[in-house]
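The values are calculated or read from the model by the stated rules, or taken from the named source; none is laboratory data. Remember, it's a predicted structure, so these values are computed and weren't measured experimentally. Note that each Cβ is placed from the backbone with ideal geometry, even for glycine, and that neighbours are counted across all protein chains shown. Just so you know, the surface numbers come from the protein's heavy atoms only, side chains and all, with ligands and any DNA or RNA stripped out. Shrake-Rupley method; radii C 1.70, N 1.55, O 1.52, S 1.80 Å.
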Amino acid sequence: MASKPGGMVRLPPSPSMIASEGHGHAISKAHIRASENGVVSIGCLHMGSLQKIDHIVVLMLENRSFDSLLGTLYPKSDSFEGLTGNEQNPDASGTPVVVWNSPGTDETTMRIPNPDPGELWTDINMQLFGNSVPAPGQRPSMDGFVQNYLAQQQLNPQQTYDPKSVMHYFAPAQVPVLSQLAQKFAVCDHWFASAPCQTWPNR
């Protein structure tokens, strides 16, 4: 799947984490299942263990994708849908722009992508489907992120939009607090936003 770390890849626009007895598991849709008697299990954890949990905390960060902040937390596998390093999106001429990382924690690096990607409904349609008005039932190709990012230049001519910016991801060492929370508790790699649009409808 082509992906775009800087904005919204598989929606969440942001990573979300839940505490689960201190187990550092990545929870994906493959891990969550229900038995015939209605007992839900998450991996090897059963909901009957809920009485052992004192607090459940959900952490949401707006305007960031899972791949951007946690895509390399673990190697990509059946239990963790992270980055391989080969994900790409085409620019306006069709030239692929591959995911990349800028090391360091200086302000310029930590603000990537700067300026921000488009956040309107039409922008996100373009990012997901390759056009702002997808046909009913059209499946997202996930290949319009770079092109939509560059299109923001027309709306903000005083800004400079580098196509690489929107394909940037952070290494765990660059976001140590977030990475520690994900590793010590749990991270949901299939937590989808309710609507492909700005923050408020997804609160």
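How big is segment 118-166 by the Kirkwood estimate over distinct Cα pairs, in Å? All intermediate terms of the calculation are to be shown ahead of the outcome.
Values: mean 1/r = 0.0904 Å⁻¹.
One decimal place: 11.1 Å for the Kirkwood radius.
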Restricting to DSSP loop positions (anything but H, G, I, E, B) with no more than 15 other Cβ atoms inside 10 Å of their own Cβ, which trypsin sites (Lys or Arg not before Pro) remain in segment 79-188?
R111
Regarding segment 145-203, what whole-number volume in Å³ per residue does the convex hull of its Cα atoms give?
146 Å³
Order H168, H190, most accessible first, counting only protein heavy atoms with a 1.4 angstrom probe.
H190, H168
For the pair L59 and V98, the simple spin-label estimate (label points 7 Å beyond Cα toward Cβ) gives in nm 3.1 nm
With every protein chain present, what accessible area does W100 have (1.4 Å probe, heavy atoms only), rounded to the nearest 10 Å²?
60 Å²
Per residue of segment 164-169, what does 6.51 cos²θ - 1.76 cosθ + 1.60 with θ = phi - 60° give for ³J(HN,Hα)? Whole Hz please, x for Gly and Pro, Karplus curve as stated.
5, 4, 6, 9, 7, 10
In what sequence, highest mean first, do 139-145, 175-181 appear when ranked by Cβ atoms within 10 angstrom?
139-145, 175-181
If you count only protein heavy atoms and use a 1.4 Å probe, how large is the accessible surface of V58, to the nearest 10 Å²?
80 Å²
Could you give the length gained on full extension between S79 and A135, defined as 0.36 nm per residue of separation minus the Cα-Cα distance, in nm?
16.9 nm
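With contacts defined as alpha carbon pairs under 8 Å and 6 or more residues apart, what's the relative contact order of segment 92-146 in percent? Walk me through the numbers before you get to the answer.
Numbers: 41 pairs, mean separation 13.9, N = 55.
This gives 25 percent for segment 92-146.
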Name the long-range amide H neighbours of V97: under 5 Å, sequence gap of 5 or more, or other chain; modelled H, no Pro or chain starts.
N89, D91
Determine the order of E62, E107, E119, E87 by accessible area, beginning with the largest, at a probe radius of 1.4 Å.
E107, E62, E119, E87
With viscosity set to 0.692 mPa s at 37 °C, what whole-number translational diffusion coefficient in µm²/s follows for segment 59-197 from Stokes-Einstein and a Kirkwood radius over Cα pairs?
205 µm²/s
